[in-house]
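The values are calculated or read from the model by the stated rules, or taken from the named source; none is laboratory data. The model shown is predicted, which means the values in this text are computed figures rather than measured ones. Please note: Cβ atoms are built from the backbone with ideal geometry, for glycine as well, and neighbour counts cover all protein chains shown. The area values use the complete protein model at the heavy-atom level, side chains included, leaving out ligands, DNA and RNA. Shrake-Rupley method; radii C 1.70, N 1.55, O 1.52, S 1.80 Å.
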Amino acid sequence: MSRWKAKHDKEHYYKLAKKQNYRSRASYKLKQLDKKYGLLKPDYNVVDLGAAPGGWSQVVAEKIGEEGKGQIISVDLEYIKPIDHEAYTGIKGDFTDPEIQQMVIDLIDGKADIILSDASPKLTGIKDIDNFKSYDLAMAVLNITDNILKKDGNLIMKAFQGEAYQELLKKLKKKFRTVKTTKPNSSRKRSSEMYVIARGFRPPRKNKKTQKQEE
Ligand SMILES: C[S@@+](CC[C@H](N)C(=O)[O-])C[C@H]1O[C@@H](n2cnc3c(N)ncnc32)[C@H](O)[C@@H]1O
């Protein structure tokens, strides 16, 4: 793709977002993924990790919470301007922090039907460090999934095609029935980001000792 076409696409989604009152171009990525894979349902409990400024959460809010069912809990290190929807709760914090994870668990009162993660680490421009940071963040998302996602639930996450990308997919395939990767049209062709659609979560088996402690 030419540099001109890439710039044109970026501007196109930027203008569209302004016109349609979305907070970020990223909204169109989730819209396109949802259209292709049918991810969001009105009664879902949704957890949106790395949610600021809130473009994905806006798209979720359009689809869930009808008749008081369904919730969206959005977490980011940055403040997220609240979304005007009774099903919405925003948390400013680090989702790798166990206290923040516990807040999410308490809020959804059970488990999530779907976890979304568009989280990206702060990039340095140094390839090795950035690869490491991205993988580390992806691993944090997988750990949270173990605690928060329902059996048979789904995870949609951004992943960067670095050295550890195949390793990440391998780990996901152990946890989910199906794992697909895709790149929505609104994602810049030159960027290494991909989106993983992992469906049918298989929760880790608890060992007998942990199970007894919980009883
Ligand atoms: C590309 S933006 C998300 C855009 C969002 N999906 C939207 O539609 O507006 C990535 C976000 O990940 C957040 N992030 C990265 N690491 C995080 C962490 N450990 N905890 C919470 N948020 C994190 C960043 O603060 C940043 O706002």
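Treating r as the C-beta distance of Asp128 and Lys180 and R0 as 22 Å, the FRET efficiency rounds to 0.20. Note on Lys151: lysines with a C-alpha under 20 Å away, same-chain residues under 8 apart excluded, are Lys41, Lys69, Lys111, Lys170, Lys171, Lys173, Lys174, Lys175, Lys180, Lys206, Lys208. Taking only protein heavy atoms and a 1.4 Å probe, the accessible area of the chain is 50% carbon and sulfur. The Rg/Rh ratio of the range 3-214, with both radii computed over alpha carbons and Rh defined as the Kirkwood radius, is 0.96.
With both labels modelled 7 Å from their Cα along Cα-to-Cβ, the Asp136 to Leu107 distance reads 2.5 nm.
Mean separation of Cα pairs under 8 Å and 6 or more residues apart, divided by the residue count, gives the range 3-214 a relative contact order of 18 percent. As an exercise, identify the GluC sites (Glu not before Pro) in the range 6-115 lying in DSSP coil whose Cβ has no more than 16 other Cβ atoms within 10 Å. When the GluC sites (Glu not before Pro) of the range 6-115 are filtered for loop state and at most 16 Cβ neighbours within 10 Å, Glu78, Glu86 remain.
Considering only DSSP beta bridges where both residues belong to the range 3-214, give the percentage that are antiparallel (nearest 5).
Beta bridges within the range 3-214, antiparallel portion: roughly 40 percent.
Among the trypsin sites (Lys or Arg not before Pro) found in the range 61-164, those both in a DSSP coil and sparsely packed, with 15 or fewer other Cβ atoms within 10 Å of their Cβ, are Lys69, Lys122.
In the context of the full set of protein chains, residues of the range 3-214 present 57 Å² of accessible surface per residue (probe radius 1.4 Å, heavy atoms only).
Let a ≥ b ≥ c be the square roots of the eigenvalues of the Cα gyration tensor of the range 31-82; is it rounded (a/c under 1.5), or, if not, prolate (a/b larger than b/c) or oblate? Don't jump to the answer; show the numbers that get you there.
Numbers: a/c = 2.22, a/b = 1.35, b/c = 1.65.
Oblate is the answer for the range 31-82, as a/c is 1.5 or above yet b/c matches or exceeds a/b.
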